[in-house]
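Student: Quick one: the structure is below, questions incoming.
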Amino acid sequence: MLQVVLPNHSKLRTLPIYLQQEMIGVNKMPKSPGGGWRALEDIEKTKKLIARYCYFLDTLQMEEAADCFTDNAAGDWGPLGRYEGKQAIATFLKDTVPPTVSMMQYQRLNTVVEVEGEKATATWYLFGPFTYVTLRGNTAAWVQGKCENELAKEHGKWRFSSLRFSFNFNTPYEDGWLKTPMMEP
């Protein structure tokens, strides 16, 4: 039986046991030039960026959502277009999303983050209810897709340098994804 004696350190004692074991070398730590703590902190900071971005979209705070991108970022939303540069992404988010979507609730699933120094990759799935504003009135919909990202530290903060969203379905609530996988605008 392995008996682990932990240092009397308040930060360490608040971590889950698997992370405590990581910190004292029982398990292998993630690779990072700054060591184990930095790798774990960077992973958490990238996850926090993703969560903030989703929150800003859900609450229709498009300027704040655009601030989650680097100055020279690229954003690809499939049929909604590809945009180069933070300013173009900000314009897309402000001019396209609020007039066409009155409600969205991102449910982010299966987030995987890999950090390598000052760069990272992150992949997650989106599933959520949306309300689109159409000529026929408000339309309830289910949206599901995959978001693949590259992230970079810019001025000491993690931001998206590339975001690519691929729809798996965008379906009217009443129809479901089997009957109408991709609804017409």
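Student: For a quick check: with amide H placed at 1.01 Å from N, whose amide H comes under 5 Å from Met103's, ignoring anything fewer than 5 positions away on the same chain?
Tutor: So Met103 has HN proximity to Thr131.
Student: State the answer as a single residue: which of Ala51, Tyr132, Thr100 lies farthest towards the positive end of the charge dipole of the stretch 44-185, with beta carbon charges of +1 for Lys and Arg and -1 for Asp and Glu, about the Cα centre.
Tutor: Working it through, the farthest residue towards the positive pole turns out to be Ala51.
Student: On to the next question. Compute the Cα gyration tensor for the stretch 54-145, then decide on rounded, prolate or oblate, letting a ≥ b ≥ c be the square roots of its eigenvalues: rounded whenever a/c is under 1.5, prolate when a/b is larger than b/c in the other cases, and oblate in all that remain. Intermediate results must be reported in sequence, preceding the final value.
Tutor: On the way: a/c = 2.24, a/b = 1.40, b/c = 1.60.
In terms of gyration-tensor shape, oblate.
Student: Report the full-extension gain for the segment Arg52 to Val112: residue separation times 0.36 nm, less the Cα-Cα distance, to one decimal in nm. Spell out each step's value before the answer.
Tutor: Details: separation 60, 0.36 × 60 = 21.60 nm, distance 1.62 nm.
Once the chain is fully extended between Arg52 and Val112, it gains 20.0 nm.
Student: Right, next: Assuming R0 = 41 Å, can you tell me the calculated FRET efficiency for the pair Gln87 and Leu178, based on Cβ-Cβ distance, to the nearest 0.05?
Tutor: Numbers: r = 40 Å, r/R0 = 0.97.
So, using R0 = 41 Å, E works out to roughly 0.55.
Student: Let me ask you something else. Taking the Cβ of Lys47 as the centre, find all other residues whose Cβ is under 13 Å away and add up their charges (Lys, Arg: +1; Asp, Glu: -1). Before the final figure, lay out the partial values.
Tutor: On the way: positive: Lys45, Lys48, Arg52, Arg108; negative: Glu41, Asp42, Glu44, Glu114.
Once positives and negatives cancel, what remains is 0.
Each value in this text was obtained by applying a stated rule to the coordinates, not by laboratory testing. Keep in mind that what you see is a predicted model, and the values were worked out from it rather than measured. Cβ atoms come from the backbone with ideal geometry, glycine included; neighbour counts cover every protein chain shown.
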